[in-house]
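Read the structure below first, then the notes.
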Amino acid sequence: MTPNAEHSTRQPSRRARSTAIFSGVTAATLSLTLAMPAAASDSLADSTLSRVKETQVLKVCTTGDYAPFSHREDDGEFEGIDLDMAASLAASLDASVETVPTSWPTLMEDFTSGKCDIAMSGISIKLDRQAQAYFSLPYQTGGKTPIVRCEDVDKYQTVAQINQPGVRITVNPGGTNERFANEFLGDATRVAHDDNRTIFNNIIEDRADVMVTDAIETQLQASRHPALCSVHPDAPFTFSQKGYLLPLGDNIWKAYVDQWLTQMQGTGEQAAIFEKWIKG
């Protein structure tokens, strides 16, 4: 066997094999590291938390049309569960609340463009929203259920009963109520209404028969309007949770908001706020 032939068939030494394996692992690790986004979101200096503490202002996007979470008064002031929650969050940072009006059709665009630090408006946790922003831990669980004139409760117990051409459903555009109607109530007659604050008058005044919305809202509206009844709010058609929108990738801000929310729930402060706005 010639020296060249012997060299070509000789197995690599253990050291050479170890070096090759180490080099391969290093290269793969470097490649993976380069492929991952920079962890700037884990820097306190880059976090919304740092900015809010420095400016002492918490900018809150809210719609103002979804009682009991967010309602805008005639004088322009916002009130509701999420405004009280926002005040608590701001106080924990020695900051004040600056409300930033938004709407359901423009909510995600307004939020992702950086107009606010957090969005608080009874926002349902949805995967398409989650792809554009973080959500806090859930702070309320419910689902979609009908609200009708009290004499019609037995007529509209199921989706099949509502999804009929002769049934008039009233819908506010841009949110999860419209999504539900588009997916499950396509055969019903649509009565669009842009102002969610007055939409229930369509049912009271016989311009519509049904609205399907979050159970907590049907219970509130039924308590405010004796002519309206919430249909099986304890057994809604769907499962949903509500959370607060936070900037995507800002891990420090999310951790702070989640911890604040956990304490609000653990101390009973959140429950007291819900009690105030739902039962008065």
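The values are calculated or read from the model by the stated rules, or taken from the named source; none is laboratory data. Not measured: the values here are computed from a predicted model. For neighbour counting, all protein chains shown are included, and Cβ atoms are generated from backbone atoms with ideal geometry for every residue, glycine included. Areas reflect the complete protein model, heavy atoms only, side chains present, ligands, DNA and RNA absent. Shrake-Rupley method; radii C 1.70, N 1.55, O 1.52, S 1.80 Å.
Take the stretch 106-139 and flag every residue that is among the hydroxyl-bearing types (Ser, Thr, Tyr) and part of a strand (DSSP E or B). Of everything in the stretch 106-139, those that are among the hydroxyl-bearing types (Ser, Thr, Tyr) and part of a strand (DSSP E or B) turn out to be SER124, TYR134. Figure legend. Inter-residue proximity from the stretch 64-91: first residues basic (Lys, Arg), second residues open to solvent by less than 40 Å² (accessible area, probe 1.4 Å), beta-carbon distance below 8 Å, spacing 6+ or different chains. Indicated pairs: ARG72/GLY64; ARG72/ASP65; ARG72/PHE78. The one condition from (1) small (Gly, Ala, Ser); (2) closer than 30 Å to CYS61 by Cα; (3) open to solvent by 10 Å² or more (accessible area, probe 1.4 Å) that GLY243 does not meet is (3). Listed conditions (1) within 19 Å of the chain's Cα centre (by Cα); (2) open to solvent by less than 50 Å² (accessible area, probe 1.4 Å); (3) closer than 30 Å to ALA235 by Cβ are all met by CYS61, apart from (3).
Considering GLN132, GLN56, the condition of being touching a residue at least 24 places away in the same chain (Cβ under 8 Å), open to solvent by 50 Å² or more (accessible area, probe 1.4 Å), under 17 Å from the mean Cα position of the chain (by Cα) and over 24 Å from GLU275 (Cα atoms) is satisfied by GLN132 alone.
Those strands (runs of 3 or more DSSP E) of the stretch 141-239 in which at least 1 residues are in contact (Cβ under 8 Å) with a residue 60 or more places away in the chain and either touching a strand residue (DSSP E or B) at 6+ places or on another chain (Cβ under 6 Å) or surrounded by fewer than 18 Cβ atoms within 10 Å (Cβ to Cβ) (or both), considering only elements entirely within it, cover 144-149, 210-214, 228-230. With respect to the conditions (1) open to solvent by less than 10 Å² (accessible area, probe 1.4 Å); (2) farther than 20 Å from SER136 by Cα; (3) in a helix (DSSP H, G or I), VAL257 falls short on a single one, namely (2). Checked against the criteria, ALA91 does not count as under 40 Å from the mean Cα position of the chain (by Cα), modelled with pLDDT under 95 and open to solvent by 30 Å² or more (accessible area, probe 1.4 Å).
Only a single criterion out of (1) more than 16 Å from the chain's Cα centre (by Cα); (2) open to solvent by 30 Å² or more (accessible area, probe 1.4 Å); (3) β-branched (Val, Ile, Thr) is not satisfied by VAL100, namely (2). Just a yes or no: is a residue in the stretch 104-116 more than 10 Å from the chain's Cα centre (by Cα), at pLDDT below 95 and on the phi < 0 side of the Ramachandran plot? Yes: one or more hits.
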